[in-house]
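Everything on this sheet refers to the single structure shown next.
The values are calculated or read from the model by the stated rules, or taken from the named source; none is laboratory data. Please read these numbers as outputs of a predicted model, since none were measured by experiment. When we count neighbours, we look across all protein chains shown, and the Cβ atoms used for this are built from the backbone with ideal geometry, even at glycine.
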């Protein structure tokens, strides 16, 4: 479902994506409208599902998660319910950050974080590869991140 956004909505979203803690009064000043109008528009966009929440961006290394990887996973074919069960299993694992259904060689693309390569090995071999429905995987360890911008082009 697409929500119709005007230029003012998009300007508000750009400000919030840059810093979600920016007071509505400051956003209002910068775009030339009242704080109440900004508040109403943010509420409308939140209620419509455009704004899903507000989150602190945490550096994984600062909390002891110095290793990350992208994992392509093939799930044993059977039914959509089998894939759904496998995804639910992944959601429950510490270190699993993202799970995407994909086309191509892999059914799922998963982003994981771990303390180190030993922790990553344990996550993949003991918690993923032993799960019901697992067929095969391909892991790419991240050596460095050159660009990581969570802001969408609005």
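A compact table of results
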| quantity | calculated |
| --- | --- |
| Failed item, numbered, when residue 148 is tested on (1) at pLDDT 95 or above; (2) closer than 30 Å to residue 13 by Cα | (1) |
| Residue match in the range 98-110 (condition: without any contact (Cβ under 8 Å) to a residue 24 or more places away in the chain, within 30 Å of residue 17 (Cα to Cα) and in contact with a helix residue (DSSP H, G or I) (Cβ under 8 Å, 6 or more places away or on another chain)) | yes |
| Filter pass, residue 22 being exposed (fewer than 13 other Cβ atoms within 10 Å of the Cβ) and free of Cβ contacts under 8 Å to residues at least 40 places away in the same chain | no |
| Matching option when the condition is surrounded by 13 or more Cβ atoms within 10 Å (Cβ to Cβ), assigned by TED's automatic domain parsing to the domain that holds residue 116, at pLDDT below 95 and in contact with a helix residue (DSSP H, G or I) (Cβ under 9 Å, 6 or more places away or on another chain), among 75, 83 | 75 |
| Within the range 77-126, tally of residues that are in a loop (DSSP other than H, G, I, E, B) and under 15 Å from residue 65 (Cα atoms) | 5 |
| Filter result (part of a loop (DSSP other than H, G, I, E, B) and surrounded by 10 or more Cβ atoms within 10 Å (Cβ to Cβ)) within the range 59-68 | 64, 65, 66 |
| Count of the range 117-136 residues which are farther than 17 Å from residue 97 by Cα, surrounded by 12 or more Cβ atoms within 10 Å (Cβ to Cβ) and touching a helix residue (DSSP H, G or I) at 6+ places or on another chain (Cβ under 9 Å) | 3 |
| Checking residue 151 against (1) assigned to a loop (DSSP other than H, G, I, E, B); (2) surrounded by 13 or more Cβ atoms within 10 Å (Cβ to Cβ); (3) touching a helix residue (DSSP H, G or I) at 6+ places or on another chain (Cβ under 6 Å), the condition it does not meet | (2) |
| Residue 114 vs. criteria outside the structural domain of residue 22 (by TED's automatic domain parsing) and in contact with a helix residue (DSSP H, G or I) (Cβ under 6 Å, 6 or more places away or on another chain) | yes |
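One line per residue, one yes/no per condition, for (1) at pLDDT below 95; (2) in a helix (DSSP H, G or I); (3) on the phi > 0 side of the Ramachandran plot; (4) surrounded by 14 or more Cβ atoms within 10 Å (Cβ to Cβ):
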residue	(1), (2), (3), (4)
3	yes, no, no, no
13	no, yes, no, yes
42	no, yes, no, yes
57	yes, no, no, no
70	no, no, no, yes
